[in-house]
Amino acid sequence: MDAISGLSSHAVTLRHDLHRHPELLFQVERTARVVRDELDRLGISWRACAGTGTIAELRPDARGQRIALRADLDALPLTELTGLPWASTIPGRMHACGHDGHTASLLAAAGYLQLRAGELPGPVRLIFQPAEEGGHGALRMIEDGALEGVAAIYGYHNWPPLPFGRAACAPGPIFASNGEWTATITGRGGHASSPHLCIDPILAGAHFVTLVQQIVSRQIPPQEAAVVTVTCFHGGTADNIIPETVELVGTVRAATTTRRDELAGRVQAVLQAACSASGAQARFDYRPCYPATVNHPQPAAAAGRALTRLLGVGALVSDGLPVMAAEDFGYYLAHVPGCFILLGSGVAGRPIESCHSPRFDFNDDLIPVVVRLWAELAGIPADDAHPGGRTTPASHSR
Ligand code: NI
């Protein structure tokens, strides 16, 4: 068994252990312990960062440029339905986004880079980050020095809609910027038989839901990706009561952070207009979440070359970008150049279980691919050492 195969099969065992014990946001204490124990075992020194985050460095004194490789640690609040032997042991918590695999594959890469540390042209920083799922963990890591001295950063997300052997790392936006809003419409409640004595907030809300659809279709250039979705509409208690208030909740997403904030402004304007038609009052609360994840041209080109070497010509795809989900890797890319990569993990003949599905599981076949990819980007062409260990070319995996 070659080094990468050995490290990868050990990482699969680690991954299944992490999968059994999912933890949320910054409360990833056990996961942090697994990461730190493994780094100790590999002889790589580390320090805590942002509490449960960890940063470690290989060849810190090397003269070349320092690159950073990032994995996220946290799971999601849902109950697993896979029935797998390594399924979550905790009801209501699950590694449904594959961050267990991101962490295990970075640990496998750490083992490989440590084996070949003498060949590294520059320092390689390993970033294990908590609270990607809505907790702005990346921001806390940056505030605690995770990017100090870093010339370029790379990260990846496993991506079930793309077949295994395909990847995306195009320059420009790869994940959207997102924000959420709450609209509270206050009318005048009363008897349903006397609508003329009331101001009906349900009707105002209905107008708002319809009118808000024209923002993306009529006010945003058709070439640009943008989403406005109403996801909750709460109001009313009985058939004979016009309620006093209704509450609507929704999301705005766009390829740029500026456009996202503009969308929120337009949603608010539509809300005001829909309410003023009947005299209802509107309140709008907007909570911007993650910035767009925007890849820088040079690191994206470097990632593209490495992926083409590993997966074959034709492995790179660019349609369907940006993905309109959001990812806090964008914070890193706002500070230093870098690239976030989507690695296809779909298996031919099996239904796609997307990230955040209760039937999702990380595809462990990605682990050796990630080890080779990170080694390439760190300046060690992994395939030269193991020409027989090439990943199946994309053309064979459709
Ligand atoms: Ni994720």
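The values are calculated or read from the model by the stated rules, or taken from the named source; none is laboratory data. Everything quoted here is computed from the prediction, not taken from an experiment. Because the Cβ atoms are built from the backbone with ideal geometry, glycine has one as well, and the counts that use them run over all protein chains shown. Remember, those area values only see protein heavy atoms, side chains included, never the ligands or the DNA or RNA. Shrake-Rupley method; radii C 1.70, N 1.55, O 1.52, S 1.80 Å.
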Item checked: Inter-site label distance for Leu84 and Arg30 at 7 Å from Cα along Cβ, in nm -> 1.6 nm
Item checked: Positive minus negative residues near Gln213 (Lys, Arg vs Asp, Glu; Cβ under 15 Å) -> +3
Next item on the list: Report the label-to-label distance for Arg350 and Gln219 in nanometres (one decimal), using points 7 Å from each Cα along the Cα→Cβ vector.
Entry: 4.4 nm
Next item on the list: With a cut-off of at most 10 other beta carbons within 10 Å, and DSSP calling the residue loop, which trypsin sites (Lys or Arg not before Pro) in the range 1-104 qualify? Please list them.
Entry: Arg63
Item checked: Value at 222 nm in deg cm²/dmol, rounded to 500, when DSSP H runs of n ≥ 4 in the chain each add -39,500 (n - 2.57) -> -10000 deg cm²/dmol
Notebook entry, point to check: Taking Cα atoms, how many degrees apart are the long axis of helix 99-115 and the longest axis of the chain, rounded to 10 and kept between 0 and 90?
Noted result: 20 degrees
Notebook entry, point to check: Is the chain rounded, prolate or oblate when judged by the Cα gyration tensor, a ≥ b ≥ c being the square roots of its eigenvalues, rounded requiring a/c under 1.5 and prolate requiring a/b larger than b/c?
Noted result: prolate
Margin query: On C-alpha positions alone, give me the angle between the axis of helix 201-211 and the longest principal axis of the chain, in degrees, nearest 10.
Written below: 50 degrees
Next item on the list: Run the dipole for the range 221-270 about the Cα centre, Lys and Arg Cβ at +1, Asp and Glu Cβ at -1, nothing else charged, and hand back the magnitude in debye, nearest 20.
Entry: 280 debye
Next item on the list: Using +1 at the Cβ of each Lys and Arg and -1 at the Cβ of each Asp and Glu in the range 176-288, identify which of Ala282, Ala204, Ala255 lies farthest towards the dipole's positive end.
Entry: Ala255
Check: Shape of the range 176-288 from its Cα gyration tensor (a ≥ b ≥ c, root eigenvalues): rounded if a/c is under 1.5, otherwise prolate when a/b > b/c, or oblate?
Finding: prolate
Notebook entry, point to check: Which residue, chosen from Met1, Leu42, Val267, occupies the Cα position most advanced towards the positive end of the dipole of the chain, where the dipole is computed from +1 (Lys, Arg) and -1 (Asp, Glu) charges on Cβ about the Cα centre?
Noted result: Met1
Checklist line | Accessible surface of the chain, 1.4 Å probe, proportion on carbon and sulfur as whole % | finding: 54 percent
Next item on the list: Over the chain, give the accessible area per residue in Å² for a 1.4 Å probe, as an integer.
Entry: 41 Å²
